[in-house]
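Take a look at the structure below.
All of the numbers you see were taken from the coordinates with simple rules; none came from a lab. Because the structure is a prediction, the values reported are computed rather than measured. Here Cβ is always computed from backbone atoms with ideal geometry, including for glycine, and neighbour counts include all displayed protein chains.
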Amino acid sequence: MSVELFDCRDTWAATLANLAREDDRIMAVVNDSVGSSKLGDFQKEFPARTVNVGIAEQNMVGVANGLANGGRVPFVSAAGCFLTARAMEQIKADVVYSRANVKLVGHSPGVAYGELGPTHHSIEDFAWLRTLPGWHVLAPASPKETEQVVRWAAAHDGPVYLRVARMGVPEIYGDDYRFEPGKAVTIREGNDVTLAATGVTVTRALAAADLLAIGGVFARVLSLPSIVPLDAEAVLAAARETAGIVTVEEANVAGLGGAIAELVSESHPCPVRRIGFRDFATTGSAEWLLDHIGASAQGIAEVARELMMGAK
Amino acid sequence: MTNGYADLAAAAAASGSLLPEPDREIAVLGRVPVGASREAAITHLQRAAIEVRRRSIQTVGDVGAGHIGGEFSITDALVTLYLSEMNISPEQVEACDPERDRLVLSKGHAANALYTTLVAGGYIPAQSLRTFLQPQSLLNGHPARTKIKAVEASTGPLGHGLPIAVGMALAAKLARSPRRTFVLLGDGEMQEGANWEAIMCAAHQRLSGLIGVLDRNRLQQGARVEDTNGLEPIADKLRAFGWEVIEIDGHDFAALLDAFAATPAVSGKPTMIIAHTDKGAPVSYMRDNVAWHHKVPNAEQVALALIELDAILAGIGKDAK
């Protein structure tokens, strides 16, 4: 039996178009990234509300600030690697410090560009962006969550960064799922050990929990669509109630892993193991790279078992 | 999130570390009166620009920090815009009137000149100037939109203002609004690549409502612009990028008024007004001297500047009679 996998960009594009039909403030601002953002249909339907600044990321983010000043709700839609790295100062000053009503959408995040190499990977974004205060850094894990997050971002008055996955993911939520900013979702109950994941690694953590359960280890699986603000309550509950926390992310371990390690070391120390990138990635497909760094079901389960052995 | 007039006054009153009072408080002249003759308008602006300079040099002297040279070079343009040219008022700012004209001070290090001009226009209370750079002040060394409602964009890092202004002008165009967007740029700042991204974009989008003022004082922080990474031929470059270019003496109010009156350009292109200015103008010992980028005048130098400024103030309007 094969599980159907979805490209969250399709959900993203459909949701943005639906929002734009309801609200004429909604705009897309892109850097020659109409195709990679899957905004071709959006551009056809809303040509005046699609601003393609060309290959110029710094200007792109500045323009979005100006559009927000004029009452628009711009969604800046670009490959995460270029958006965050090239325009970091604009993100800091023009968006977050300015509390501008700008939504930054990082496409093909993490190692989605696989074989294209580290210049095109966006594994640093969580670590960079989580040092900026008072905004939202989000990574939905499934199509339904992507739709929820895009809708929430449009309605929220303030800056948001959201990662839209390119790597295929299954749907893990039902129709009743509602995204809550700053809240973790306990998608599997368990009190032996905690697997804390975000974005595309959530389904991998679930698969690891299945493997662990076969051996009688009941892992709690936390999905954290909000890197900023982090759900301190859920993380500290996991620190108190389970043997420790294994973090899993399609990013440098200074992202979600760093955030959780900092929180528990200050408030309730517990064993933490971080699965993610610790170096520029080698050559390989996105799926292969995640397996290679130990973010496979087997890899995560193994680290969880090691953590529990060490904790005894 | 945004702090208006009342918060600024309260913050000033609550501050435990107010700067000294100036020799006399700045005259809040407000806008050029409706229906004023051109001569009367120019006289009004000349007075206001001297008032702004004599207040801002005292602030810089008192606090021991600031960028007085580049503040004095851009003051005449700032005063002309806020007190005459822009469709804006404290009431429009307070009400967030979407049809107000926008101004972005891209050379954010001239914040003190902006704050003092905002006082002269009645946007923020004079008392708030005594908090400049003081603990918890809303008057940062670089303007912050989250702290002062009349500040449209937080600036400071160079090369940010023009892209933001492009977005503002684009929003106006999409709304089919005649409102204009002004952006004040340093000349050294034109070395930033982001400005050229924005210059291309503004021409491509045909943003005639975007008007730049390039403060061509020829000096950057450490040296002459042309000795560092030269801009010339800057007018030709801008024209080649699809902009209208107007070159004026940036300390000549008649020229400033005429240049702004020529916007938006009928050609549909954005306009760059290259304002030839002098850093530190009109103070004799500062004028065109690279040392005065962020040098702080001592008490004697402040007094000397005030004597020169007051002499100019006393002569304003007399030539015309």
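Here are some notes:
- Anisotropy class of segment A:185-311 from Cα gyration tensor, a/c 1.5 cut: oblate
- By definition, a body whose alpha carbon gyration tensor gives a ≥ b ≥ c is prolate when a/c is 1.5 or more and a/b is larger than b/c, and the protein assembly as shown fits this prolate description.
- Estimated from helices alone, the mean residue ellipticity of chain B at 222 nm is -12500 deg cm²/dmol (sum of -39500 (n - 2.57) over DSSP H runs with n ≥ 4, per residue).
- Simple spin-label estimate for residue B:239 and residue A:178 in nanometres, 7 Å along Cα-Cβ: 6.3 nm
- Computed FRET value (nearest 0.05) for residue A:305 with residue A:283, which takes r as the C-beta separation and R₀ as 30 Å: 0.50
- Computed extension length for residue B:265-residue B:227: 10.4 nm, one decimal, from 0.36 nm per residue of separation with the Cα-Cα distance subtracted.
- Estimated FRET transfer efficiency when R0 is 45 angstrom, pair residue B:247-residue A:116 (beta carbons, to 0.05): 0.45
- Share, in percent, of DSSP beta bridges within chain A that are antiparallel, nearest 5: 15 percent
- Counting only DSSP beta bridges with both residues in the protein assembly as shown, the antiparallel share comes to about 10 percent.
- Estimated FRET transfer efficiency (residue B:36, residue B:65; beta-carbon r; R0 41 Å; 0.05): 0.65
- Cα-Cα over 23 Å, subset of B:147/B:269; B:173/B:269; A:38/A:92; B:173/B:279; A:38/B:269; B:147/B:173: B:147/B:269; A:38/A:92; B:173/B:279; A:38/B:269; B:147/B:173
- Among B:149, B:279, B:237, the largest mean-square fluctuation in a Gaussian network model of chain B (Cα springs under 10 Å) belongs to B:237.
- Angle in degrees between helix B:193-204 and the longest Cα principal axis of chain B, rounded to the nearest 10: 50 degrees
- Cα Rg over Rh - segment B:1-133, Kirkwood: 0.95
- Scanning chain A for GluC sites (Glu not before Pro) that sit in a DSSP loop and have at most 16 other Cβ atoms within 10 Å, the longest stretch containing none of them is A:5-188.
- Summarising the strand pairing of chain B, around 5 percent of its internal DSSP beta bridges are antiparallel.
- Over the residues of chain A, the helix contribution to mean residue ellipticity at 222 nm works out to -11000 deg cm²/dmol, using -39500 (n - 2.57) for each DSSP H run of at least 4.
- Rounded, prolate or oblate (a/c below 1.5 giving rounded, otherwise prolate when a/b exceeds b/c) for segment B:214-269 by Cα gyration tensor: oblate
- Degrees separating the helix B:299-315 axis from the principal Cα axis of chain B, which is the longest one: 70 degrees
- Length gained on full extension, residue A:298 to residue A:213, computed as 0.36 nm times the residue gap minus the Cα-Cα distance: 29.4 nm.
- DSSP-loop trypsin sites (Lys or Arg not before Pro) across segment A:38-87, with at most 11 other Cβ within 10 angstrom: none
- Each Lys and Arg adds +1 at its Cβ and each Asp and Glu adds -1 at its Cβ; summed about the Cα centre, segment A:165-312 shows a dipole of about 260 debye.
- Cα-based radius of gyration of segment A:91-155 once divided by 2.2 N^0.38 Å, which approximates compact folds: 1.22
- Against chain B, whose longest principal axis comes from its Cα atoms, helix B:161-174 is set at around 60 degrees.
- Cleavage-rule hits (GluC sites (Glu not before Pro)) in segment B:71-102: DSSP loop, at most 15 neighbouring Cβ within 10 angstrom: B:99
- Cα-centred dipole magnitude for segment B:103-241, charges only on beta-carbon of K, R (+1) and D, E (-1), debye, nearest 20: 640 debye
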